[in-house]
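Novice: Before I ask anything, let me first share the structure, which is written out below as structure tokens.
The values are calculated or read from the model by the stated rules, or taken from the named source; none is laboratory data. For clarity, every value in this text was computed on a predicted model and none was experimentally measured. Quick reminder, even Gly has a Cβ in these numbers, built from the backbone with ideal geometry, and neighbours come from all protein chains shown.
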Amino acid sequence: MRLAGWFTFPKEAGMNTAIIYILISVLGSVVGQLLLKKGMNSMGPVTLSFNQLPTVIWQMATNLNVFIGLAIYLVGTVFWLAALSRVNLSFAYPFASLNYVVMLVASRMMFDEKITLSRLLGTVVIVIGVLLISRN
């Protein structure tokens, strides 16, 4: 099956391919969110009031980091949908939790956010859960 002429997805639902798609989706989600955060940091706090909404939406739409972040997030979503076409949702969805793990590290590196003990322990629990599910 061809998608938009540049990606070719085999018709057989291979587990390894699905996992690769899921991991690309996780990466796209994380990179997209980091760029969205960077773009919104440059805008400062936003208030969504009715009379200011068009201006705020325009500022978001014309912010390069927000625009690229949304585009990368969309690409990640395409890979997520391709993965869902191959495996059960109950198998794939726990892998989406890897977003938390990667985001914890990336937000520390990119935004110098504090990693608390409870966040770290929660992330370890997520990793253990994903490992248990992936073995099935």
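Novice: Would you pick out the residues in the stretch 94-118 that are surrounded by 13 or more Cβ atoms within 10 Å (Cβ to Cβ) and more than 16 Å from Gln33 (Cβ to Cβ)?
Specialist: Pro94, Phe95, listed by residue number.
Novice: Any residue in the stretch 7-18 that is part of a helix (DSSP H, G or I), buried (at least 17 other Cβ atoms within 10 Å of the Cβ), touching a Phe, Trp or Tyr at 6+ places or on another chain (Cβ under 9 Å) and at pLDDT below 95? Before the answer, list the steps.
Specialist: Step one: filter the stretch 7-18 for residues part of a helix (DSSP H, G or I), giving 15-18.
Filter once more, so that each one left must be buried (at least 17 other Cβ atoms within 10 Å of the Cβ): 18.
Imposing the further condition that a residue be touching a Phe, Trp or Tyr at 6+ places or on another chain (Cβ under 9 Å) reduces the set to 18.
In the following step, the residues that additionally are at pLDDT below 95 were identified as 18.
Among the residues of the stretch 7-18, at least one is part of a helix (DSSP H, G or I), buried (at least 17 other Cβ atoms within 10 Å of the Cβ), touching a Phe, Trp or Tyr at 6+ places or on another chain (Cβ under 9 Å) and at pLDDT below 95, which makes the answer yes.
Novice: Right, next: Could you check, for the stretch 122-135, whether at least one of its residues is under 16 Å from Leu27 (Cβ atoms) and in contact (Cβ under 8 Å) with a residue 24 or more places away in the chain? It would help to see each step written out before you state the result.
Specialist: Filtering the stretch 122-135 for residues under 16 Å from Leu27 (Cβ atoms) gives 130.
Restricting the remaining residues to those that are in contact (Cβ under 8 Å) with a residue 24 or more places away in the chain gives 130.
Yes, the conditions are met somewhere in the stretch 122-135.
Novice: Go through the stretch 57-95 and give me each residue that's among the aliphatic types (A, V, I, L, M), part of a helix (DSSP H, G or I) and closer than 18 Å to Ile20 by Cβ.
Specialist: Once the filter is applied, which keeps residues that are among the aliphatic types (A, V, I, L, M), part of a helix (DSSP H, G or I) and closer than 18 Å to Ile20 by Cβ, the stretch 57-95 yields Ile72, Val75, Val78, Leu81, Ala82, Ala83, Leu84, Leu89, Ala92.
Novice: Something else about it: Mind counting the residues in the stretch 29-76 that are of a type outside the set (A, V, I, L, M, F, W, C) and closer than 30 Å to Ser97 by Cβ? Write out each step before concluding.
Specialist: Looking only at the stretch 29-76, we keep the residues that are of a type outside the set (A, V, I, L, M, F, W, C), and these are 29, 32-33, 37-39, 41-42, 44-45, 47, 49, 51-52, 54-55, 59, 62-63, 65, 69, 73, 76.
Next cut, closer than 30 Å to Ser97 by Cβ only: 29, 32-33, 37-39, 41-42, 45, 63, 65, 69, 73, 76.
The number of residues fulfilling the criteria is 14.
Novice: For the structure I just gave you, tell me whether Val66 is crowded, with 17+ Cβ neighbours inside 10 Å, under 15 Å from the mean Cα position of the chain (by Cα) and touching a residue at least 24 places away in the same chain (Cβ under 8 Å).
Specialist: yes
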